[in-house]
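K.L.:
Quick one: the structure is below, and I'll ask about it shortly.
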Amino acid sequence: MGPVRHWKTLALRLWRVALLAAAVVAIRRAQQTEMAELTVERVRDFFPAAAVLMPQNGMQMVKDGSGITLGHVMQTSPEADDIIGYAGPTNTLIALDSRGKVLGLRILHSGDTTDHVAEVVGERSFFKQFTNKKPAEVANLRVDGVSGATLTSSAIAEGVLRRLGKSATTSLRFPDAITLDEVKKIEPQAAKLRESTTHPGSQEVLDVTGETIALAVRTAPASDGIVGYKGPSDTFMLMDASGSTLRGIALRRSYDTEQYVGYVTGDPAFLKTFDGMALEQIANIDFAEAGVEGVSGATQTSYGIAEGVRVRAQSLIKEKEAKRGWWTRIRWRWQDTGHVAIIAAAFAMAFTRLRGIAWCRHGHHALLVLYGGFIAGEMLSQGLLVGWAAHGTPWRNAQGLVLLAAVALLGPVFTSKQLYCHHICPHGALQQLVARRLRFQWSPSKPVERVLTKLPFLLLAFVLLSVAIALPLNLNALEPFDAYVFRVAGWASIAIAVGGLLWSLVTPLAYCRFGCPTGALFKLLRFTGDADRFGTRDWLAALCVAGVLLLAGG
């Protein structure tokens, strides 16, 4: 191949990759969503007497007709918009009662696939895991996902945990932030307070030169659920500049008995109990072994305050751990290991002589159907790819599936082989296994075949159009892939799967050839060899993408 021809083929390949990128941009613009507007009617399931919603600390207070606060509501969007389930993020309503405990959850909007979301909604035990818990408790909760919709339910849970983790820095019982005057009582050099970027809900203490000399922390809301004699207390904790050692404490406010609170504040020895202790030492302290004694006459009140300091130290340590590098938040699943193995097997079948050995080829097809289809149940589809284009990929939760998509999309461009359709897709493999099993076979005439082979491309164009005009369409219902996951499968997917397989008994690979829009996408991207030219398919694809961009822009 001459240098000119080499550059032409490279340019053609890059053009198709650029067209794919443009399609992603077009879909993202068309699918932009805004945070749902909450109305009184939407929260009455949780608060039947609700009359008005009022903003407060990033949430909304729910009040009745007489002005009494019934509770609070919040949404996981936009904080959790980057948490992708199977195909997109989910915006969840969180309702808190007047005590600050989770009353219930409701899905307001989801960019995930309809069938997966429906499976989660139908699993009431999933939502009950969060109820009757305070934000600080929920933030540390280990949530069980929903079988058949693991990625979707895990993303919903992660969004709720993140949103409540943020709200865990705001106390409903003790809403007042630490003031400079409070800090000066322990640190006279304090000149200014600044919100800390490393410790949520805490403030950096600056001297007159602007240098950070300490960290101002309070025990609320972590201590809101710790009752001394009659109520919880909020305690000010002055840490060193690194936030690793406690320098002193002071009681800010308490719902406990006034007389007992006075006994505690009047006992300087008790207030110096934790002075000079490292955060880890406080978090793991055993009061009896450490010889910590309560205040005479106010034992329960003083122990409640001490327990609040210990609990806050534990939460500070967890916050530090949560600030570790992004790679520590990546979760590798057994399905991801399986996807990597499937990709390796696909390359072996595509680029070696193994595909010419009948038993090896049939064994590979059976493996794809059993593992890829019925066990893992994670296949590429228009619903999945459009969801990823609109909202991003679940690279933290499903790396193997993302890698599978990368191979499927880029493989045809740079290897000239349909790696996914021929060597990875479970439904394609099942069609291979049933091909020519009947004596009777039927092939359409040439004119009919020319019409039929255009149907997948027309379906692909229809998908783009539906995205551009925001048509409320379940894209997974256009393809058969959900049929392999029985718990989430709709009747349309099952009908397409069964019908396509029956047709494949008499016409080999009938669905792949005449019905699959996802396969059509891979065919549009495929570089077919040195004779490949910029042709009609490229022009039509470009026009479709341009149309989506124009409609999305309008």
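The values are calculated or read from the model by the stated rules, or taken from the named source; none is laboratory data. Here the structure is a predicted model, which means the values were calculated and not measured. Positions of Cβ are generated from backbone atoms using ideal geometry, with glycine treated the same way; all protein chains shown enter the neighbour counts.
K.L.:
Could you look through the stretch 421-439, keep only residues that are among the small types (Gly, Ala, Ser) and out of contact with any Cys (no Cβ under 9 Å at 6 or more places or on another chain), and pick out the one that is farthest from ALA510 (Cα to Cα)?
P.N.:
Checked the stretch 421-439; the qualifying residue farthest from ALA510 (Cα to Cα) is ALA429.
K.L.:
Moving on. Could you list, ordered by first residue, the pairs with Cβ atoms under 7 Å in which the first is in the stretch 520-538 and assigned by TED's automatic domain parsing to the domain that holds GLY428 and the second is assigned to a loop (DSSP other than H, G, I, E, B) and exposed (fewer than 13 other Cβ atoms within 10 Å of the Cβ), at least 6 apart or interchain?
P.N.:
Correct list of pairs: ASP530/MET1.
K.L.:
Is the stretch 466-483 home to any residue that is crowded, with 21+ Cβ neighbours inside 10 Å and farther than 16 Å from LEU384 by Cβ?
P.N.:
Looking through the stretch 466-483, at least one residue is crowded, with 21+ Cβ neighbours inside 10 Å and farther than 16 Å from LEU384 by Cβ.
K.L.:
Provide a single number: the residues in the stretch 404-420 that are buried (at least 21 other Cβ atoms within 10 Å of the Cβ) and either touching a Lys or Arg at 6+ places or on another chain (Cβ under 8 Å) or not in a helix (DSSP H, G or I) (or both).
P.N.:
3
K.L.:
State whether one or more residues within the stretch 432-439 are without any contact (Cβ under 8 Å) to a residue 60 or more places away in the chain and within 21 Å of ARG513 (Cα to Cα).
P.N.:
Yes, that holds for at least one residue.
K.L.:
Just checking, does the stretch 364-382 include any residue being outside any helix (DSSP H, G or I) and without any contact (Cβ under 8 Å) to a residue 24 or more places away in the chain?
P.N.:
no
K.L.:
What pairs come up if the first residue lies in the stretch 444-455 and is acidic (Asp, Glu), the second is exposed (fewer than 12 other Cβ atoms within 10 Å of the Cβ), and their beta carbons are under 9 Å apart, counting only those six or more places apart or on different chains?
P.N.:
Cβ pairs passing all conditions: GLU449/SER443.
K.L.:
Something else about it: Only strands (runs of 3 or more DSSP E) wholly contained in the stretch 165-257 count here; list those with 1 or more residues that are in contact (Cβ under 8 Å) with a residue 40 or more places away in the chain and among the aromatic types (Phe, Trp, Tyr).
P.N.:
The qualifying strands (runs of 3 or more DSSP E) are 233-240.
K.L.:
Residue by residue through the stretch 501-510, note down the ones that are in contact (Cβ under 8 Å) with a residue 12 or more places away in the chain, among the hydrophobic types (A, V, I, L, M, F, W, C) and surrounded by fewer than 21 Cβ atoms within 10 Å (Cβ to Cβ).
P.N.:
LEU501, LEU505, VAL506, LEU509
Quick grid of which residues meet (1) among the polar types (S, T, N, Q); (2) more than 35 Å from the chain's Cα centre (by Cα); (3) modelled with pLDDT of 90 or more; (4) assigned by TED's automatic domain parsing to the domain that holds LEU70:
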position: ARG194; (1), (2), (3), (4): no, no, yes, no
position: THR197; (1), (2), (3), (4): yes, no, no, no
position: LEU206; (1), (2), (3), (4): no, yes, yes, no
position: THR209; (1), (2), (3), (4): yes, yes, yes, no
position: ALA220; (1), (2), (3), (4): no, no, no, no
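K.L.:
Spot the failing condition for ARG29; the list is (1) outside any loop (DSSP other than H, G, I, E, B); (2) modelled with pLDDT of 90 or more; (3) out of contact with any His (no Cβ under 9 Å at 6 or more places or on another chain), and only one is missed.
P.N.:
Looking at each condition in turn, ARG29 falls short on (2).
K.L.:
Among the residues of the stretch 258-296, write down those that are part of a loop (DSSP other than H, G, I, E, B), more than 18 Å from TYR229 (Cβ to Cβ) and of a type in the set (Gly, Ala, Ser).
P.N.:
Of everything in the stretch 258-296, those that are part of a loop (DSSP other than H, G, I, E, B), more than 18 Å from TYR229 (Cβ to Cβ) and of a type in the set (Gly, Ala, Ser) turn out to be GLY276, GLY291.
K.L.:
Considering THR518, THR453, which residue is more than 17 Å from ALA23 (Cα to Cα) and of a type in the set (S, T, N, Q)?
P.N.:
THR453
K.L.:
Here is a further query. Within the stretch 50-72, take every residue that is of a type in the set (A, V, I, L, M, F, W, C) and closer than 20 Å to PHE174 by Cβ and give me the one that is surrounded by the most Cβ atoms within 10 Å (Cβ to Cβ).
P.N.:
This residue is VAL62.
K.L.:
ALA118 is checked against (1) hydrophobic (A, V, I, L, M, F, W, C); (2) assigned to a helix (DSSP H, G or I); (3) surrounded by fewer than 22 Cβ atoms within 10 Å (Cβ to Cβ); (4) within 14 Å of the chain's Cα centre (by Cα) and fails just one. What number does that condition carry?
P.N.:
Unmet condition: (4).
K.L.:
On the basis of being crowded, with 21+ Cβ neighbours inside 10 Å, modelled with pLDDT under 90 and farther than 27 Å from GLY373 by Cβ, does ALA149 make the cut?
P.N.:
The answer is no for ALA149.
K.L.:
Looking at the structure I just gave you, is VAL498 under 23 Å from LEU380 (Cβ atoms), assigned by TED's automatic domain parsing to the domain that holds CYS425 and touching a residue at least 40 places away in the same chain (Cβ under 8 Å)?
P.N.:
no
K.L.:
Would you confirm, using the coordinates I've provided, whether TRP7 is hydrophobic (A, V, I, L, M, F, W, C), modelled with pLDDT under 85 and under 26 Å from THR528 (Cα atoms)?
P.N.:
Judged against the criteria, TRP7 is a match.
K.L.:
I'd like to verify a number: residues in the stretch 200-234 that are surrounded by fewer than 22 Cβ atoms within 10 Å (Cβ to Cβ) and either touching a helix residue (DSSP H, G or I) at 6+ places or on another chain (Cβ under 6 Å) or over 19 Å from LEU180 (Cβ atoms) (or both), how many?
P.N.:
Total meeting the criteria: 7.
K.L.:
Looking at the stretch 213-221, can you tell me whether even one residue there is out of contact with any strand residue (DSSP E or B) (no Cβ under 8 Å at 6 or more places or on another chain) and closer than 27 Å to VAL102 by Cβ?
P.N.:
Looking through the stretch 213-221, at least one residue is out of contact with any strand residue (DSSP E or B) (no Cβ under 8 Å at 6 or more places or on another chain) and closer than 27 Å to VAL102 by Cβ.
K.L.:
Could you grab the pairs with beta carbons closer than 8 Å, sequence gap of 6+ or different chains, first residue in the stretch 102-119 and closer than 18 Å to THR150 by Cβ, second one basic (Lys, Arg) and surrounded by fewer than 22 Cβ atoms within 10 Å (Cβ to Cβ)?
P.N.:
From residues that are closer than 18 Å to THR150 by Cβ, the pairs are GLU119/ARG487.
K.L.:
Please work out which residue is farthest from VAL160 (Cα to Cα), limiting yourself to the stretch 57-76 and to residues that are touching a His at 6+ places or on another chain (Cβ under 9 Å) and touching a residue at least 60 places away in the same chain (Cβ under 8 Å).
P.N.:
For the stretch 57-76, the residue satisfying everything is ASN57.
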